[in-house]
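A.B. asks: Attaching a single structure in structure tokens format; questions to follow.
The values are calculated or read from the model by the stated rules, or taken from the named source; none is laboratory data. Being a predicted model, the structure only gives us computed values, none of them experimental. All Cβ positions, even for glycine, are placed from backbone atoms using ideal geometry, and neighbour counts span all protein chains on display. These accessible areas exclude ligands, DNA and RNA; they are computed on the full protein's heavy atoms, side chains included. Shrake-Rupley method; radii C 1.70, N 1.55, O 1.52, S 1.80 Å.
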Amino acid sequence: MGTTYKCCLVFKRRFHTRDAPPPDDVRALFTLHSGGGPQMGADGLRRYLDATGHDQGLDDAEVDRLLYQIRLLQGRARVPRLARSLLALDDFHRFLFSHDLNPPIGHPQVHHDMTQPLSHYFIYTGHNSYLTGNQLSSDCSDVPIIKALQRGVRVIELDMWPNSTKDDINILHGRTLTTPVSLIKCLRSIKEYAFVASPYPVIITLEDHLPSDLQEKVAKMVLEVFGNILYYPATDHLKELPSPEELKGHVLLSTKPPKEYLESKDGATMKEGDAELQLGKGAGDDTAWGKEVPDFQTEIQSAKKQHDDDVSEHQRDEDDNDDEEEQKMQPHIAPQYKHLITIRAGKPKGSLSDALKSDPDKVRRLSLSEQQLAKAAEDHGTEIVRFTQRNILRIYPKGTRVTSSNYNPFLGWVHGAQMVAFNMQGYGRALWLMHGFYKANGGCGYVKKPDFLMQTEPEVFDPRKPQPERKTLKVKVYMGDGWRVDFKQTHFDKYSPPDFYVRVGIAGVPADSVMKKTKAIEDNWVPVWEEEFTFTLTVPEIALLRVEVHEYDMSEKDDFGGQTVLPVAELRPGIRAVALFDHRGNRYNNVKLLMRFEFV
């Protein structure tokens, strides 16, 4: 089979497209487990599976079923039964190159302990979940909320404002040109899609800009829509958060307790970053895939240089007094609405050190912008970690990310922040990391924090301290395929087949973060690289393996050919098929790589 490309409108160049032969490592495995014969039977396949920890303990019926599925890959199911139980080398190669039968990460089901308090988990968190695009002028809709829930996101953020007639509630980004969507529509969509991807709790974080009469209306709406799946505590303050297991199938509200409503002339207050936007300050952003995620150590240094008098949502909206003073100030708050809030946001007045002190009698949520976290991490690292052992810390994007770009999530994760809030409607490398991180634990949206973030003895973990190298990961990139099916012949190059290369590396703490790349294979839809890379890891528990394929272009920007991000802690050793995704995080139908993972 071949492909013909026109060149200079006159000449034609013909390139042969053929399947690449199995790599030498695949041949060696086949020879080993087939006993040196030309075919591998059920016993040989079982030996291979046991040796690689693929699916240990398969009974005869399950091995026969797997053999049948392997034969189906080549359309060979309609052959005599005896022949169906034997694999040739090419069959074995196709099995290894099947993402459905031989994926790179194990545990397709939930396997973390889900019985600990919510503060013990990283939670898949969205920011301004109702926006369809940029932060200033896009439509507000329930569609991005539905998409986020279908992906497994567990925290949905809604900004509540009075409508123009002050008799109903709109969801929109205040002080912007975003077109509103009704609260009731968002709530109904959340109920419908809350548990399609995961049975574990959905948390709705509310940014509340409502007077007390509309807060009462919110309470009625929430109770009407969610009924008995709405969880709220019998007491005003929880001493300890419930576990994801206890909250299965439930929806929770998280916001600051109601305050006296102060109406401005236009019925809106300024969100963090709006002042900068109105003054025309720039909003540096990721392109679809071209800009790298900045190392969070760089972000810490950048934050140190900024002024400390920035407009702050955290300082404005979360600066709550204690309940007694609050009740004196606001006799007309909505009591039922307040009662429905499970995870209460707020901080006592005073310094950040005061805000990070845990109250043994109640838990709460604290919100910091990405910039505030970077500043706080410089001097309060262990205090943040200690705070997150019982309480919830939410990190949100800075206000200048007007095109819904995102930031490096690892600074939040290494400090134990449970809710690292991302713009799920955007795209780019930072969001790819978020997608990859929550492939862990069966994709349920809750990832148990590693033990080192929960320890208090002999000391609380200090993210600033250099850590020793604890694990080495070897990654071999054999070959790739599928572009010839999923892309047009001239998608990458009008005059010849593509020149693919692979970038592979680690995202994690600064000491672990690195990217390397293979050579480019010229004029080939089925490139074979056969290159190996070694990565040493100091914090492997939260490290992510990054894989990107690009097509080399000598005269223009290299073309994008697919990406994926995989949690290192869940990688399965051995030769695996790695499916690739587009720049928005949607899986390609056929594009994949054959890779090997080895821990030494």
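A.B. asks: If a residue has to be in contact with a Pro (Cβ under 6 Å, 6 or more places away or on another chain) and either assigned to a loop (DSSP other than H, G, I, E, B) or surrounded by fewer than 18 Cβ atoms within 10 Å (Cβ to Cβ) (or both) to count, how many in the stretch 211-235 make the cut?
C.D. replies: Of the residues in the stretch 211-235, 0 are in contact with a Pro (Cβ under 6 Å, 6 or more places away or on another chain) and either assigned to a loop (DSSP other than H, G, I, E, B) or surrounded by fewer than 18 Cβ atoms within 10 Å (Cβ to Cβ) (or both).
A.B. asks: Something else now. Quick check on my filter: what residues within the stretch 20-54 are of a type in the set (D, E, K, R), closer than 26 Å to Glu532 by Cα and surrounded by 14 or more Cβ atoms within 10 Å (Cβ to Cβ)?
C.D. replies: Asp25, Arg27, Arg47, Asp50
A.B. asks: Turning to a different aspect of this structure: Restricting attention to the stretch 381-432, and to residues there that are assigned to a loop (DSSP other than H, G, I, E, B) and among the basic types (Lys, Arg), which single residue is nearest to Asn586 (Cα to Cα)?
C.D. replies: If we take residues in the stretch 381-432 being assigned to a loop (DSSP other than H, G, I, E, B) and among the basic types (Lys, Arg), then Arg401 is nearest to Asn586 (Cα to Cα).
A.B. asks: Right, here's the next one. In this structure, does Val509 turn out to be under 21 Å from Phe97 (Cα atoms) and either touching a residue at least 24 places away in the same chain (Cβ under 8 Å) or among the charged types (D, E, K, R) (or both)?
C.D. replies: When the stated conditions are applied, Val509 does not pass them.
A.B. asks: Name the one entry in Ser119, Ser129 that is over 29 Å from Leu177 (Cα atoms) and among the polar types (S, T, N, Q).
C.D. replies: Just a single option satisfies the conditions, and that option is Ser119.
A.B. asks: May I ask you to list pairs of residues, at least six apart or on different chains, whose Cβ atoms are under 7 Å apart, with the first in the stretch 561-575 being farther than 12 Å from Arg546 by Cα and the second being open to solvent by less than 10 Å² (accessible area, probe 1.4 Å) and in a helix (DSSP H, G or I)?
C.D. replies: Gly561/Trp483; Ile575/Val26; Ile575/Leu96
A.B. asks: Is the stretch 133-145 home to any residue that is open to solvent by 60 Å² or more (accessible area, probe 1.4 Å) and touching a His at 6+ places or on another chain (Cβ under 9 Å)? Talk me through it step by step, then tell me what you get.
C.D. replies: Within the stretch 133-145, the first condition is being open to solvent by 60 Å² or more (accessible area, probe 1.4 Å), and the residues that meet it are 136-137, 139, 143.
This time we only want the ones that are touching a His at 6+ places or on another chain (Cβ under 9 Å), so: 136.
Yes, some residue in the stretch 133-145 is open to solvent by 60 Å² or more (accessible area, probe 1.4 Å) and touching a His at 6+ places or on another chain (Cβ under 9 Å).
A.B. asks: Quick check, is Asn128 in contact (Cβ under 8 Å) with a residue 12 or more places away in the chain, open to solvent by less than 10 Å² (accessible area, probe 1.4 Å) and not aliphatic (A, V, I, L, M)?
C.D. replies: On the way: in contact (Cβ under 8 Å) with a residue 12 or more places away in the chain: yes; open to solvent by less than 10 Å² (accessible area, probe 1.4 Å): yes; not aliphatic (A, V, I, L, M): yes.
Yes: the conditions hold for Asn128.
A.B. asks: Among the numbered criteria (1) assigned to a strand (DSSP E or B); (2) under 20 Å from the mean Cα position of the chain (by Cα); (3) among the small types (Gly, Ala, Ser), which single criterion is violated by Ala577?
C.D. replies: (2)
A.B. asks: Name the pairs whose Cβ atoms lie under 9 Å apart, with the first residue in the stretch 49-75 and farther than 20 Å from Arg576 by Cβ, the second modelled with pLDDT of 85 or more and open to solvent by 40 Å² or more (accessible area, probe 1.4 Å), and 6 or more positions between them or separate chains?
C.D. replies: That search, which allows pairs on different chains as well, returns Asp60/Arg46.
A.B. asks: Here is a follow-up. Could you tell me whether the stretch 548-562 includes any residue that is touching a Ser or Thr at 6+ places or on another chain (Cβ under 9 Å) and part of a strand (DSSP E or B)?
C.D. replies: Checking the stretch 548-562: at least one residue is touching a Ser or Thr at 6+ places or on another chain (Cβ under 9 Å) and part of a strand (DSSP E or B).
A.B. asks: Could you tell me which residue of the stretch 112-125 is most open to solvent (accessible area, probe 1.4 Å), considering only residues that are farther than 20 Å from Ala430 by Cα and touching a helix residue (DSSP H, G or I) at 6+ places or on another chain (Cβ under 7 Å)?
C.D. replies: Here the residue is His112.
A.B. asks: I've got another one for you. Considering only residues that are part of a loop (DSSP other than H, G, I, E, B) and either open to solvent by 10 Å² or more (accessible area, probe 1.4 Å) or touching a helix residue (DSSP H, G or I) at 6+ places or on another chain (Cβ under 7 Å) (or both), which ones fall in the stretch 154-174?
C.D. replies: Within the stretch 154-174, Asn163, Ser164, Thr165, Lys166, Asp167, Asp168, Leu172, His173 qualify.
A.B. asks: Please go through the stretch 9-28 and give me each residue that is more than 18 Å from Trp525 (Cα to Cα), β-branched (Val, Ile, Thr) and either in a strand (DSSP E or B) or at pLDDT below 85 (or both), ordered by number.
C.D. replies: Matches in the stretch 9-28: Val10 only.
A.B. asks: Residue pairs, Cβ under 6 Å, 6 or more apart or interchain, first in the stretch 380-396 and among the basic types (Lys, Arg), second part of a helix (DSSP H, G or I) and surrounded by 19 or more Cβ atoms within 10 Å (Cβ to Cβ). List them.
C.D. replies: Arg390/Ser119
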